[in-house]
1. Could you compute the net charge surrounding E109? Neighbours are other residues with a C-beta less than 10 Å from the C-beta of E109; K and R count +1, D and E count -1.
2. Given the range 1-115, what percent of its DSSP beta bridges are antiparallel, to the nearest 5?
3. Taking 0.36 nm per residue of sequence separation and subtracting the Cα-Cα distance, how much length would be gained by fully extending the chain between S121 and E7, in nm to one decimal?
4. Take M130, M1 and order them by how many other Cβ atoms sit within 10 Å, fewest up front.
5. For the range 47-57, in order, what is each residue's ³J(HN,Hα) by Karplus, 6.51 cos²θ - 1.76 cosθ + 1.60 with θ = phi - 60°, in whole Hz (x at glycine and Pro)?
6. Taking H as built 1.01 Å from N, whose amide H comes closer than 5 Å to the amide H of E70, not counting residues under 5 places away?
7. Would you mind checking the tilt of helix 79-94 against the longest principal axis of the Cα atoms of the chain, expressed as 0 to 90 degrees and rounded to 10?
8. Search the structure for amide H atoms under 5 Å from the amide H of V39, placed 1.01 Å from N in the peptide plane, and list their residues when 5 or more places away or on another chain.
Amino acid sequence: MTSATGEQLGIMATRDALRMAEEQHLDLVEVAPKAKPPVCRIMDFGKYRYEQQKREKEAKKKQKIITIKEVKLRPNIEQHDFDVKLKNALRFVQEGNKVKVTIMFRGRELSHPELGKEVLSRVAEKLGDMVSIERSAKLEGKNMTMIVAPKAQKSSKPKQQTDSKGGNSNAKD
């Protein structure tokens, strides 16, 4: 058993531990019930729950939600239409979202899946090193899909060190 200050109190009967907790106006909390003997701690359980919720809320603020945006194309798409769709995909990637690029086949177009694969490879080539291909081109029914995700951003600006005089140490004298 552990006290509220963290000191070890040793093994004792449950009723003695409860009495100690009540004298201090705190709660007796079972920490490890499966241990032999079970481990308990004297603490203010309400305060503990409040601090835990506060930590969870703070962690939730810091997490980034990534959504999947979709761009739909056709296998015989014209160049200008392709550029417009590519610009949208690029915008989605810059916002930090994953992009699902879908080629929709109709009728006899399905007998030439290589045309769809060619369009998807053009998209991957144009997006270049800004994205990593999370799932390569795959034919699913009448659609061929590919998922791209933004690459992790590295700081592109190298830090310049200054000397003790406040000048730039990288500059030649």
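1. On the way: positive: R74, R106, R108, K142; negative: none.
Charge balance near E109 sits at +4.
2. Numbers: 6 of 13 bridges.
If I count the DSSP bridges inside the range 1-115, around 45 percent turn out antiparallel.
3. 34.6 nm
4. Details: M130 13, M1 21.
Ascending Cβ contact count within 10 Å gives the list M130, M1.
5. Karplus values, whole Hz, x for Gly and Pro: 5, 4, 5, 4, 5, 5, 5, 5, 5, 5, 5.
6. For E70, the qualifying residues are K100.
7. 10
8. Under 5 Å from the amide H of V39 lie the amide H atoms of V31, A32, each far enough along the sequence or on another chain.
Every number here is computed from the coordinates shown, using simple stated rules; none is lab data. Keep in mind the model is a prediction, meaning the values are calculated, not measured. All Cβ positions, even for glycine, are placed from backbone atoms using ideal geometry, and neighbour counts span all protein chains on display.
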